[in-house]
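The values are calculated or read from the model by the stated rules, or taken from the named source; none is laboratory data. Since this is a predicted model, take the numbers as computed values, not measurements. With ideal geometry, Cβ positions are generated from the backbone for all residues, glycine too; neighbour counts draw on all protein chains shown.
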Amino acid sequence: MGGSAQVVTHRRAVAGAVLVTTSASVMAWALAYPATSMAPALARAVADGAAVVTLGLAAVPALDAGRYREELVRRATAPLVLASAVWLVAEVFRLMLAGAEAAGVSAGRLGVRTAVDFALDTAPGRAGLLTMIVAGAVCLLVAVVPRSGPACVVAAGLVAVGVVGHPLTGHLSASPWGGLAIAVHALAAALWCGMLAGIVLTVEHRGQWARVLPRFSRLSVWCVAALLAGGVVGAVGVLGRPTDLYATGYGRVLSAKIVLTVALTALAWRNRTIWLPAARAHRSTAVVSRSRAYTELALMAAALAAAAALAVTG
Amino acid sequence: MSPLQHGSAVVSHVIAVAALTFGLVAGALAGAGAAWAHAARIGGDPADNAELTQPPSRVSATFNEPMQAQFAAMTVIGPYGGQWSDGRLIVDGAVISVGMRDGGPAGVYTVNYRATSADGHVVSGSWSYRLLTGATGTAPPPATPDAAGDAPPGPDTATDGPPVWPFTAAAAAIVALGAIWAVRRRS
């Protein structure tokens, strides 16, 4: 049965994603040393990665033509349940670690009362709580409610709310423009990376790639433009002067992220000029398409881990 | 126009729009850069390494951005490891202050602080000042804090309730089992 081969591929993909995310988190931690700590950055990277995949899986059916959409919805359901569950669990751990850090105790010694105070009374705590509720609602919605058009739209909208919750209360929250820029940046990045992950997890044969890839490519141009605009505004806002790019831990992680983004954009551009026409003309096999997508996704995971480390670097 | 050329035209339009947007927004926000810097302590009263002839009635730290009232803590440790802050902490925007007990001896006092900024980042550290003339007469030595003098103050563990990690672990297990069950049921 083809199903088992598919599972193996997905397992390998998940293992690869975990490996890339972990090593990128370690790299970002080393770059930011001693301005950041490992556990919160890793929890954040896992939570953000799961959120991005959830968003992509919730939105990926929109990439296919109307009458084929049902199949993508059906294929996306199981990974969507798992991704949103991982997101929920990672958010719970992230809230606990953030509360422990704010209270100045180790995570094992954080008391219930302090944790509840942190979750209800502080802006990052409330953002974490909101994200947990959203992740739980999406998980429940997808697992219980039969998936129809409106249910998909509601799920995607909920995930989008969850994705911007943390950026809005992050480093730039003091400035409304900075908060907006980072929210746009995060949402665009999540849509771009998540959609590609969603495609890899749901799209099977070359006919589907031929239909889905051109739409993804059109969407990703807008995403990259929004991502760059929001990211540059945010970076200019956070960094006082250009020398901060290598002189501070935050700046070094940001520099790594800029390098990754440039590499990713170049790769995406190359794929757009070579892979896209081939896939559209059914000349690219599903295996080739998949391996190209994996390369791009690996870079995306590294950039995402760097973004997560950046968010927890003080 | 081939689809590829059309795509390139769209891309160059998008890049132009993005560059223009960035230029306008960056120009509008150029003056606001300093206000977004990371949270840090920018001053203290008494100042770092100040030499005082009168004991202060309050000790305060000023930060570069407003701090959250929760999770702020500040202690002042005196010459013989006694805690001379009275625990009455006030967070007023970017200023965190704590009241002082009367009757401290001459010597070096270390102020340890720990606070959470509006964006959730923890700032902690310490600074010292010297009191040249101590209080006349013998003041009762205040209680020595449990932790070492240099450690940033933490919450009162006695009123903190049971640890939260078993609940977190249980929630994670329930969610994981539920998700696996839901996926199995479908396939």
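Filtered by the rule that a residue be surrounded by fewer than 23 Cβ atoms within 10 Å (Cβ to Cβ), at the interface with another protein chain (Cβ under 10 Å from one of its Cβ atoms) and of a type in the set (S, T, Y), region A:57-104 gives a lone residue, A:T77.
For region A:245-254, the set of residues classified as in contact (Cβ under 8 Å) with a residue 60 or more places away in the chain, in a helix (DSSP H, G or I) and either surrounded by fewer than 20 Cβ atoms within 10 Å (Cβ to Cβ) or of a type outside the set (K, R) (or both) consists of A:G249, A:Y250, A:V253, listed by residue number. For region B:105-112, the condition holds for at least one residue, the condition being that it is within 13 Å of another protein chain (Cβ to nearest Cβ) and at pLDDT 90 or above. The set of residues in region A:216-246 that are at the interface with chain B (Cβ under 8 Å from one of its Cβ atoms), under 17 Å from A:A311 (Cβ atoms) and not hydrophobic (A, V, I, L, M, F, W, C) contains only A:G237.
Consider region A:105-142 and keep the residues that are in contact with a Ser or Thr (Cβ under 8 Å, 6 or more places away or on another chain), facing chain B (nearest Cβ under 7 Å) and part of a helix (DSSP H, G or I). The one that is nearest to A:L55 (Cα to Cα) is A:C139.
Each row is one residue, and each column tells you yes or no for (1) in contact (Cβ under 8 Å) with a residue 24 or more places away in the chain; (2) over 24 Å from the mean Cα position of the chain (by Cα).
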site: A:T202; (1), (2): yes, no
site: A:V212; (1), (2): yes, no
site: A:R218; (1), (2): no, no
site: A:A229; (1), (2): yes, no
site: A:G237; (1), (2): yes, no
site: A:T243; (1), (2): no, yes
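Scanning region B:53-80 for residues that are within 12 Å of another protein chain (Cβ to nearest Cβ) and surrounded by fewer than 19 Cβ atoms within 10 Å (Cβ to Cβ) yields B:N64, B:P66, B:A69, B:Q70. Scanning region A:115-147 for residues that are among the polar types (S, T, N, Q) and closer than 25 Å to B:A179 by Cα turns up just one, A:T131.
Among the residues of region A:136-153, those identified as modelled with pLDDT of 90 or more and of a type in the set (V, I, T) are A:V138, A:V142.
Within region A:166-184, being surrounded by fewer than 24 Cβ atoms within 10 Å (Cβ to Cβ) and part of a helix (DSSP H, G or I) holds for A:L168, A:P176, A:W177, A:G179, A:L180, A:A183, A:V184.
Per this entry, A:T36 is counted among residues that are out of contact with any Cys (no Cβ under 7 Å at 6 or more places or on another chain) and part of a loop (DSSP other than H, G, I, E, B).
The listed residues are A:A151, A:A160, A:A156, and the only one of them that is in contact (Cβ under 8 Å) with a residue 40 or more places away in the chain, more than 14 Å from every other protein chain (Cβ to nearest Cβ) and within 18 Å of A:A78 (Cβ to Cβ) turns out to be A:A156.
Apart from one condition, A:A155 fits all of (1) over 17 Å from the mean Cα position of the chain (by Cα); (2) over 20 Å from B:I174 (Cβ atoms); (3) crowded, with 20+ Cβ neighbours inside 10 Å; the exception is (1).
Residues to consider are A:A17, A:A65, A:A76, A:A24; find the one that is over 13 Å from A:A305 (Cα atoms) and within 20 Å of the chain's Cα centre (by Cα). The unique qualifying residue is A:A76.
A:K257 meets the conditions (1) at pLDDT below 85; (2) of a type outside the set (A, V, I, L, M, F, W, C); (3) assigned to a helix (DSSP H, G or I) in every case but one. The failed one is (1).
Going by the structure shown, is A:T261 surrounded by fewer than 20 Cβ atoms within 10 Å (Cβ to Cβ) and either closer than 21 Å to A:G207 by Cβ or out of contact with any strand residue (DSSP E or B) (no Cβ under 8 Å at 6 or more places or on another chain) (or both)? Full working, then the answer.
Numbers: surrounded by fewer than 20 Cβ atoms within 10 Å (Cβ to Cβ): no; either closer than 21 Å to A:G207 by Cβ or out of contact with any strand residue (DSSP E or B) (no Cβ under 8 Å at 6 or more places or on another chain) (or both): yes.
No, not satisfied.
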